[in-house]
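Accompanying notes for the structure given below.
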């Protein structure tokens with residue numbers, strides 16, 4: 001029997017990671033074990049909505065840990081009841097089921113829709129999802145996703161997911177059949193490269209699903225909790241009321257927390273249908289309360305919207321200087337079209353320079369800073385990226 005000789009070797013190799021170990025985070029910055037500082041415009045993939053290790057979360061964890069971690073999901077706890085009530089009051093939904101990850105919340109949404117189909121639509125089970133969509137890494141959520149890289153993996157997939165094209169209502173209509181129970185989408189497709197569903201398309205989708213008696217499910221794992229600025233949830237920009245919504249990432253501000261929200265009509269789980277050992281535990285729900293208390297404030301949401309407009313403007317100027325493409329997205333979930341497959345190289349160079357960026361696709365950079373990012377931090381990021389793009393442009397001209 002052989003054992004790993006280095007801590008890196010003890011971890012399963014599931015992605016390429018630099019041989020860097022982060023040991024501390026504060027606000028917009030991370031530090032590694034050599035003391036090097038990094039400006040973070042990934043923030044755990046839109047997770048740390050208040051930045052790294054914000055005092056509000058640290059204090060909530062410390063206070064709740066002294067009181068109660070979890071009494072088991074067989075009993076109520078005060079923190080989960082308070083957070084559920086706060087989410088209901090802040091949304092168009094009536095009931096909440098807490099989970100530990102976005103994929104788990106989406107798995108729950110799929111199960112809830114199929115239960116609804118079995119009870120109210122003669123056993124209908126198919127859910128229309130979208131090309132380019134990403135809903136998680138469980139077998140069902142990978143099957144629901146429209147990510148090309150998932151297609152050959154872990155066959156056979158879970159059946160029952162038909163793929164439409166984003167912003168093409170005709171492609172949705174063509175897929176509706178007697179077996180259809182719901183339509184599920186992200187208001188902005190993050191992993192595909194930050195491609196927004198238009199407000200008009202979301203309204204068309206809501207009208208269409210109501211006409212056919214279908215559930216509308218919005219996956220707001222990445223777009224929820226103020227990420228799009230001005231509104232707590234992205235679908236609110238379109239003025240629609242979905243039947244089911246999933247939240248993750250930002251709802252925990254860096255802690256593992258997610259939620260499945262549904263209207264009273266769609267809430268049809270019976271005892272034994274859904275559960276989870278750690279779901280709705282006191283510790284994580286206390287964190288969720290601390291996050292929601294800040295993020296749901298109108299002044300905070302406006303500031304996030306303003307920061308998003310400023311970042312968008314600065315990226316547009318940067319794009320014009322370097323002859324790049326459009327800036328797309330909303331609020332503080334934005335992408336810069338690079339026009340060329342140079343994203344991974346830029347990300348690697350930025351890392352060496354102490355700047356954390358993400359390329360969800362080879363020809364795009366994605367920006368997901370903390371919602372309280374400052375103009376100074378945006379300027380620092382733009383300056384660093386400008387220098388990298390200048391070097392890349394010079395190299396291309398020489399080549």
Over its Cα atoms, what ratio of radius of gyration to 2.2 N^0.38 Å does region 101-236 give? 0.98
Antiparallel as a % of all DSSP beta bridges within region 206-266, to the nearest 5? 50 percent
Of 120, 271, 235, which has the largest mean-square fluctuation in a 10 Å C-alpha GNM of the chain? 271
Based on the alpha carbon coordinates of region 270-314, what radius of gyration and maximum Cα-Cα distance (Dmax) apply, in Å? 17.2, 52
Could you list the square roots of 5 times each eigenvalue of the Cα gyration tensor of region 55-295, that is, the equivalent ellipsoid semi-axes, sorted largest first and rounded to whole Å? 29, 19, 17
For region 178-237, what is the relative contact order in percent, using Cα pairs closer than 8 Å and at least 6 residues apart in sequence? 36 percent
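Within 10 Å, count the other beta carbons around each residue, average over each peptide in 344-352, 134-142, 193-201, and list them highest first.
Details: 344-352: 16.1, 134-142: 21.6, 193-201: 18.4.
Per-residue Cβ counts within 10 Å, averaged per peptide and sorted highest first, yield 134-142, 193-201, 344-352.
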Taking the chain as a Gaussian network, where each spring joins two C-alpha atoms under 10 Å apart, which residue of 292, 112, 11 fluctuates the most? 11
Distance in Å, no decimals, from the C-alpha centre of region 49-85 to the one of region 258-335 is 19 Å
Taking every DSSP beta bridge that has both residues in region 55-295, what percent is antiparallel when rounded to the nearest 5? 40 percent
Going by average Cβ density within 10 Å per residue, which order do the peptides 99-108, 172-181 take, highest to lowest? 99-108, 172-181
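Remind me, relative contact order of the chain in percent, using alpha carbon pairs under 8 angstrom and six or more residues apart?
Contact order relative to length: 22 percent.
Just the number: Rg to Rh for region 309-399, Cα atoms, Kirkwood Rh, two decimals. Each step should come with its number before you reach the end.
Values: Rg = 12.2 Å, Rh = 13.1 Å.
Checking Rg against Rh, the ratio lands at 0.93.
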Determine the principal axes of the Cα atoms in region 250-349, then give the extent along each, sorted from largest to smallest and rounded to whole angstroms. 58, 33, 31
What angle do you read, to the nearest 10 degrees and between 0 and 90, between the alpha-carbon axis of helix 102-120 and the longest principal axis of the chain? 20 degrees
With axes computed from alpha carbons, what is the tilt in degrees of helix 78-89 against the longest principal axis of the chain, rounded to the nearest 10 within 0 to 90? 90 degrees
If one takes the longest principal axis of the Cα atoms in the chain, at what angle in degrees, from 0 to 90 and to the nearest 10, does the Cα axis of helix 55-67 lie? 50 degrees
Please say if region 172-315 is rounded, prolate or oblate, where rounded means a/c under 1.5 for a ≥ b ≥ c the square roots of the C-alpha gyration tensor eigenvalues, and otherwise the choice is prolate for a/b larger than b/c and oblate otherwise? oblate
Computed, not fitted: 222 nm per-residue ellipticity of the chain from DSSP H runs ≥ 4 (each -39500 (n - 2.57)), nearest 500, equal to -12000 deg cm²/dmol
Which whole-angstrom value gives the distance between the alpha carbon centres of region 88-141 and region 191-220? 14 Å
For the chain, set up a GNM with springs between Cα atoms under 10 Å and report which of 321, 37, 17 has the largest fluctuation. 17
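Please list 298-310, 121-133 highest first by mean number of surrounding beta-carbon atoms within 10 Å per residue. Intermediate values should be presented prior to the final figure.
Numbers: 298-310: 16.9, 121-133: 20.9.
For the peptides 298-310, 121-133, the packing ranking is 121-133, 298-310.
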Gyration tensor over alpha-carbon atoms, region 80-141, equivalent ellipsoid semi-axes in Å: 23, 17, 11
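Readers should treat all values here as calculations from the given coordinates under stated rules, not as data from a laboratory. This is a predicted model, so every value here is computed, not measured. Every residue, glycine as well, gets a Cβ built from its backbone with ideal geometry; the counts of neighbours run over all protein chains shown.
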